[in-house]
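Here is the structure we will look at.
The values are calculated or read from the model by the stated rules, or taken from the named source; none is laboratory data. Just so it is clear, the model here is predicted, and its values are computed rather than measured. Ideal geometry is used to build each Cβ from the backbone, glycine not excepted, and the neighbour counts take in all protein chains shown.
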Amino acid sequence: MTERFYQFSAITVRICAAKSQMYKDDGILSSFITKNKEFDYSLELQMVEKVDPPEGECVFCDSGLRVYQNGKKQIRYEGPVRENTDGAYLRVSREGMFGVAQLKRQSHFERLTPKTVLNCIEAEHLILQHSGFFLHASFIDRKGKAVLFTAPSGTGKSTQAELWCQLREATQINGDRAAVRVASDGTVRADGVPYSGSSGICKNVSLPLEAVVYLTQSPETRLTPLFGVKAFQRIWEGCSVNTWNKEDVCSCSRTIMTMLTTVPVLHLACTPDESAVFALEQALEKLK
């Protein structure tokens with residue numbers, strides 16, 4: 001067996017596999033490599049002819065995903081699995097700090113890739129065990145603080161991030177996702193993660209979170225602070241959380257509510273031009 005260690009958002013993950021099966025890092029994970037071997041979660045990767053059968057009770061099922069719960073062990077199958085798990089090409093079992101991912105040969109998993117590994121890690125669950133959650137957002141560094149643009153796909157998250165980089169010398173940290181985490185000192189931070197969607201932008205950076213900006217398209221620019229239930233709804237809308245797992249849902253809800261006590265949430269209805277940048281810049285300066 002050979003092993004590799006990665007760290008992001010205060011989580012250290014150990015990946016192990018047979019030497020002949022270990023994937024080649026194509027750059028997605030390389031900036032998250034760590035020498036720290038005190039891991040929070042260990043995942044063993046196995047290439048198999050057929051994945052193991054299910055255990056316990058089926059708690060979730062759709063056309064491409066089937067989840068079982070057996071005591072404290074959770075087992076996830078991917079593939080054509082609406083009726084049963086016979087067509088599954090991926091099985092990930094997780095219990096506590098340890099998991100095993102079985103990938104079926106003679107499927108599209110002819111070899112391991114970093115993208116496959118990231119899918120198997122189930123980081124959206126791990127981050128919830130460390131007072132954090134994943135948010136679909138474009139993440140920029142503005143003067144040493146994080147600003148997150150969140151919105152439904154196609155609304156303009158990337159466009160706003162690019163405008164800030166072009167017009168205000170901001171730096172884009174991630175084009176698709178950020179980990180939002182309440183640190184041990186009570187501050188809220190945004191962390192870079194090795195998940196970047198189609199943007200390919202994912203830097204290993206951690207910054208204090210200045211604001212979360214919910215975007216909508218509008219013929220004129222308007223900026224409105226959000227509070228209470230409205231702020232919670234806009235954050236929840238962009239969260240990555242397995243809704244069949246009640247503990248995960250509760251953990252995510254608690255962390256969002258803690259975040260909202262110190263981090264402003266703003267609704268920016270705007271056109272994709274400098275007027276949006278100016279309006280948000282003025283609002284952020286007033287919040288200091």
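Pairs linking a residue in the range 142-169 that is touching a residue at least 12 places away in the same chain (Cβ under 8 Å) to a residue that is of a type in the set (Lys, Arg) and surrounded by 20 or more Cβ atoms within 10 Å (Cβ to Cβ), with Cβ atoms under 6 Å and 6 or more positions apart or on different chains, are 149/157; 151/157. Among the residues here, residue 143 qualifies as surrounded by fewer than 21 Cβ atoms within 10 Å (Cβ to Cβ) and among the basic types (Lys, Arg).
Only residues that are polar (S, T, N, Q) and over 27 Å from the mean Cα position of the chain (by Cα): list them for the range 37-70, please.
Initially, the range 37-70 is screened for residues polar (S, T, N, Q), giving 42, 46, 63, 69-70.
None; the set is empty.
In summary, residue 242 fulfils each of the numbered conditions (1) out of contact with any Leu (no Cβ under 7 Å at 6 or more places or on another chain); (2) under 23 Å from residue 170 (Cα atoms); (3) assigned to a loop (DSSP other than H, G, I, E, B) with the single exception of condition (2).
Condition check for residue 138 on (1) over 20 Å from the mean Cα position of the chain (by Cα); (2) of a type outside the set (Lys, Arg); (3) surrounded by 24 or more Cβ atoms within 10 Å (Cβ to Cβ): one failure, at (1).
Of the candidates 193, 249, 212, 205, the single residue that is surrounded by fewer than 21 Cβ atoms within 10 Å (Cβ to Cβ), under 17 Å from the mean Cα position of the chain (by Cα) and within 20 Å of residue 263 (Cβ to Cβ) is 205.
The residues of the range 227-239 that are farther than 23 Å from residue 119 by Cα and in a loop (DSSP other than H, G, I, E, B) amount to a single one, 227.
For residue 64, the stated conditions do not hold, so it cannot be described as free of Cβ contacts under 8 Å to residues at least 12 places away in the same chain and not polar (S, T, N, Q). When residue 100 is tested against the conditions (1) in contact with a strand residue (DSSP E or B) (Cβ under 8 Å, 6 or more places away or on another chain); (2) free of Cβ contacts under 8 Å to residues at least 60 places away in the same chain; (3) assigned by TED's automatic domain parsing to the domain that holds residue 234, the lone failure is (3).
Looking only at the range 171-194, residues that are within 11 Å of residue 139 (Cβ to Cβ) and in contact with a Lys or Arg (Cβ under 9 Å, 6 or more places away or on another chain) come to 12 in all.
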